[in-house]
Amino acid sequence: MISVWTYVALLLTSVTSAAFDPTGNTNLVAYWGQNSYGATHTSDTANWQTNLAHYCQDDTVDVFPLAFLDVFFGIGSLPEINFANTCNDVDDAVFPGSDLANCQFMATDIQTCQAAGKIITLSMGGATGADTFTSESQAEDFADLIWDLFLGGTSNTRPFGDAVLDGIDLDIEGGGTANFAAFVNRIRTLAEGASKAYYITGAPQCPFPDANLDTVLNAVGFDAVYVQFYNNYCEVSNYNVAGDWDFSSWDNWAKTTSPNPDVKIYIGAPASSTAATNGYADASALSTILQATKATYSSFGGAMLWDISQAYANGRFDQAVKTALLGGSSAPTTSGGSTTTTKTTITSSSSVTSTTSVATNGDCAGVAAWVSTVAYVGGSQVTYNGHLWTANYWSEADVPGVLHLGPGASGDWADDGVCTTDATLIPAVASATLSAASITAHVSSTASASSVSVQAASSAAAPTVSVSSAATSSFKTASIAPTVSVSSAVDASVASAKSVIIAASADSETLSATTSAVKRSRFFKF
């Protein structure tokens with residue numbers, strides 16, 4: 001089943017964008033704006049960041065997020081932008097009564113890049129950004145402002161003049177993300193029916209789940225997620241370190257949790273050894289990682305580099321990365337009928353694996369039961385009262401089979417008929433914690449009553465697994481002694497889980513499933 005996300009305005013390819021393919025796996029993203037090379041090479045001014053159009057003269061980079069809008073609520077209730085040596089509120093003019101830099105001279109550069117098939121977005125946050133929203137209404141009002149200043153609206157204080165950006169990138173590294181879902185939803189609403197596509201992306205750090213963006217990533221649909229695989233234990237330079245590198249958690253999230261099941265996951269990497277505190281992998285090593293990931297995970301969308309100034313100074317590192325993306329094989333993708341995929345979430349000392357089938361021919365295999373607290377987009381499928389249902393449009397808390405006010409006479413849900421097969425193999429949500437004596441995995445799912453299988457494995461000798469759960473409980477707990485080697489599956493009836501396997505290995509290391517490592521920012525401001 002192809003998600004409706006492929007068709008809504010936020011996910012369509014702009015008619016002016018021949019190079020960027022939001023559904024592809026060879027896209028290259030490079031941040032522009034912070035002159036990262038200049039921040040680390042103050043005397044080598046010849047290689048400092050230059051104007052945006054300079055980097056749009058070939059087909060190497062497909063997406064340029066402009067970094068950053070780093071203050072939400074500045075003087076005069078206007079935001080602030082800082083593009084280092086190119087445009088900022090100190091060296092350049094600002095709009096009266098504010099600290100919002102007037103960068104209208106950049107309009108031609110932005111339009112030149114867009115005409116060349118590039119996507120130009122505005123990245124909000126960064127290392128120094130720590131603004132928050134106090135309410136949903138404030139977040140929605142701010143979305144209206146951003147729409148008018150940078151996207152498809154109108155204002156007398158547009159920093160880029162008549163240039164219209166292609167979307168918003170959230171790089172939230174502090175302050176929290178309360179009410180950000182309302183912000184994203186408002187941008188999406190404003191984009192409905194627009195003459196061009198608008199994209200929503202995020203840049204979480206690689207420990208899963210991300211400490212800052214996790215809640216908003218789970219609440220609203222993103223087109224792409226640029227995971228920062230650097231400045232953390234899970235960085236690309238630790239690709240061969242068992243328990244550190246982990247793309248599979250993000251792949252699993254994309255396919256089982258993300259409101260947009262077609263979201264693409266990008267490998268973010270430093271463009272040179274001076275672009276990040278640590279985590280740099282040279283062109284050869286990174287090429288191997290990119291091609292291996294591309295061949296394994298269908299959610300893979302490409303690579304992200306911090307930043308373009310570092311890439312150019314490092315022998316056009318961006319070109320080497322693009323060459324790698326264009327080579328190698330691709331993971332199988334769904335093409336009609338029902339395709340079964342295996343998703344594995346690997347943490348520093350545990351992994352969660354679930355298998356799901358996506359129904360495309362009207363049966364209920366692999367389709368989760370309807371849940372009142374889940375927000376469904378049009379085209380989503382659920383099971384309810386033994387029937388298969390497809391959402392006609394966005395729906396939350398509206399019971400399938402009950403008419404509600406809205407477009408069409410069929411209500412929120414279309415009845416696809418009685419289930420011809422059982423709704424089995426439903427993925428569950430899982431986490432894990434580690435104590436001195438045992439590792440405990442928690443599994444929850446919205447599926448109807450069935451069974452859960454728990455498996456354990458580690459390097460020690462004696463297999464031991466204990467499973468306990470009340471019939472009415474929404475989760476099952478498996479306590480596994482640190483000495484477990486290999487355990488046979490233990491099945492028990494659980495009211496809310498179906499055919500889920502958890503493979504966990506005991507270890508002395510704290511699990512990243514419940515604790516996030518200390519994150520060091522990738523960003524340099526100049």
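The values are calculated or read from the model by the stated rules, or taken from the named source; none is laboratory data. The model shown is predicted, which means the values in this text are computed figures rather than measured ones. Note that each Cβ is placed from the backbone with ideal geometry, even for glycine, and that neighbours are counted across all protein chains shown. Calculation scope for accessible area: heavy atoms of the full protein, side chains included, ligands and nucleic acids excluded. Shrake-Rupley method; radii C 1.70, N 1.55, O 1.52, S 1.80 Å.
Descriptive notes on the structure:
- Accessible surface computed residue by residue for the range 69-197, with neighbouring protein chains in place and a 1.4 Å probe, gives 36 Å² per residue.
- Available extension along the chain between Ser155 and Asp214 is 18.0 nm, counting 0.36 nm per residue and deducting the alpha carbon span.
- Only Lys, Arg, Asp and Glu carry charge here, each on its Cβ (+1 for the first two, -1 for the last two); on that basis the range 166-250 has a dipole of about 340 debye about its Cα centre.
- Neighbours of Thr333, meaning other residues whose beta-carbon lies under 13 angstrom from its beta-carbon, give a summed charge of +1 when Lys and Arg score +1 and Asp and Glu score -1.
- Share of carbon and sulfur in the accessible heavy-atom surface of the range 201-338 [1.4 Å probe, %]: 48 percent
- Packing here is the average count of other Cβ atoms within 10 Å per residue, and on that basis the peptides 218-230, 238-250, highest first, run 218-230, 238-250.
- The range 89-179, relative contact order [Cα under 8 Å, separation at least 6], %: 39 percent
- The magnitude of the dipole of the range 61-145, with charges of +1 and -1 set on the Cβ of Lys/Arg and Asp/Glu and taken from the Cα centre, is near 280 debye.
- Over the range 175-289, Cα pairs under 8 Å with separation of 6+ residues give a relative contact order of 25 percent.
- Here the Kirkwood formula puts the hydrodynamic radius of the range 17-108 at 14.9 Å, using every distinct Cα pair.
- Estimated distance in nm for a label pair at Ser284 and Val371, the labels positioned 7 Å out from Cα along Cα-to-Cβ: 4.7 nm
- Of the solvent-accessible surface of the range 34-106, computed with a 1.4 Å probe and all protein chains present, 47% belongs to carbon and sulfur.
- Its alpha carbons give the range 112-174 an Rg and a Dmax of 13.1, 40 Å.
- When each of the peptides 293-303, 28-38 is scored by how many other beta carbons lie within 10 Å of its residues on average, the order from highest to lowest is 28-38, 293-303.
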